[in-house]
Ligand SMILES: Nc1ncnc2c1ncn2[C@@H]1O[C@H](COP(=O)(O)OP(=O)(O)O)[C@@H](O)[C@H]1O
Ligand SMILES: [Mg+2]
């Protein structure tokens, strides 16, 4: 096996990276792929909770790096989905606990055993982002359709390009179509015009995300909610399938766009 190693990142925090990592990992595993989701967000670890695996942590990635255990002893196998694994990180350490060289080495090891390695990373302007992304080939950039998030995404895309990640593809998360229609929120095409990278999916704002996170049960497993379907579609597109984009009726916000574009790009 030679895994594709994909970092899930963003410019701004709180836009849905961990949610996306958990759901895409579950969806890809459901499609029969052998997947490991790595928590690369040292100190703010969340992936274990969102995946509902927090009670099963014995060793973390940091333990493996410090030689306390072997890397495969950190694997937590998901009992609900075959072929789905998670590697937790430590909560009580700072972001410099993992170096870029260590991440490259870890990803090298994981490549041999999996089809996909998905890395949940800290937001891009935080320390530790570069390290967590160091071992990845590809990047998924998550943004919400908010001016500050899009502006920060613009910065992080530049960084990822300088790190030679390819492809770098965009997930626009938490879209509220009725707000876009009223011109109160950026539409997806507005965001794409500004960021000029390929879109891999749009995910609606969906209360089911909150319930599923609290229950530790990835959405793609249980329900056909709008966000669950959106994440499944993204997983299929990662696999190279040509899945039409959802019609969120939210592609264009009309007049708002010109104003926002100037605010973000300065022209
Ligand atoms: N599509 C969505 N609909 C509704 N809530 C969402 C959606 N995506 C993320 N959230 C919520 O937003 C918050 C931040 O998500 P999270 O994945 O932890 O972001 P990050 O990892 O980027 O900090 C969480 O409370 C999560 O439940
Ligand atoms: Mg997170």
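The values are calculated or read from the model by the stated rules, or taken from the named source; none is laboratory data. If you're wondering where the values come from, they're calculated on a predicted model, not measured in any experiment. Methodologically, a virtual Cβ is constructed for each residue, glycine included, from the backbone with ideal geometry; neighbour enumeration extends over all protein chains shown.
Residues that are within 15 Å of ligand 2 (Cβ to nearest atom) and touching a residue at least 12 places away in the same chain (Cβ under 8 Å) number at least 2 in the following helices (runs of 4 or more DSSP H) confined to segment 1-110: 17-30, 47-50.
Given the structure, is residue 76 at pLDDT 95 or above and either within 16 Å of the chain's Cα centre (by Cα) or within 21 Å of residue 209 (Cα to Cα) (or both)?
Working: at pLDDT 95 or above: yes; either within 16 Å of the chain's Cα centre (by Cα) or within 21 Å of residue 209 (Cα to Cα) (or both): no.
For residue 76, the condition - at pLDDT 95 or above and either within 16 Å of the chain's Cα centre (by Cα) or within 21 Å of residue 209 (Cα to Cα) (or both) - is not met.
Does segment 171-183 include one or more residues that are surrounded by 16 or more Cβ atoms within 10 Å (Cβ to Cβ) and free of Cβ contacts under 8 Å to residues at least 12 places away in the same chain? For segment 171-183, residues surrounded by 16 or more Cβ atoms within 10 Å (Cβ to Cβ) and free of Cβ contacts under 8 Å to residues at least 12 places away in the same chain: present. The residues on offer are 141, 191, and the sole one that is modelled with pLDDT of 90 or more, in contact with a helix residue (DSSP H, G or I) (Cβ under 7 Å, 6 or more places away or on another chain), more than 10 Å from ligand 1 (Cβ to nearest atom) and assigned to a helix (DSSP H, G or I) is 191.
Flag set for residue 118, criterion: in contact with a strand residue (DSSP E or B) (Cβ under 6 Å, 6 or more places away or on another chain), modelled with pLDDT of 95 or more and closer than 24 Å to residue 11 by Cβ.
Restricting attention to segment 1-59, the residues that are surrounded by fewer than 19 Cβ atoms within 10 Å (Cβ to Cβ), closer than 23 Å to residue 105 by Cα and within 13 Å of ligand 1 (Cβ to nearest atom) add up to 2. Of the residues in segment 173-185, at least one is modelled with pLDDT of 95 or more and either in a helix (DSSP H, G or I) or within 16 Å of ligand 2 (Cβ to nearest atom) (or both).
Would you confirm whether or not segment 194-201 contains a residue that is touching a helix residue (DSSP H, G or I) at 6+ places or on another chain (Cβ under 6 Å), within 12 Å of ligand 1 (Cβ to nearest atom) and under 18 Å from residue 10 (Cα atoms)? Yes: one or more hits.
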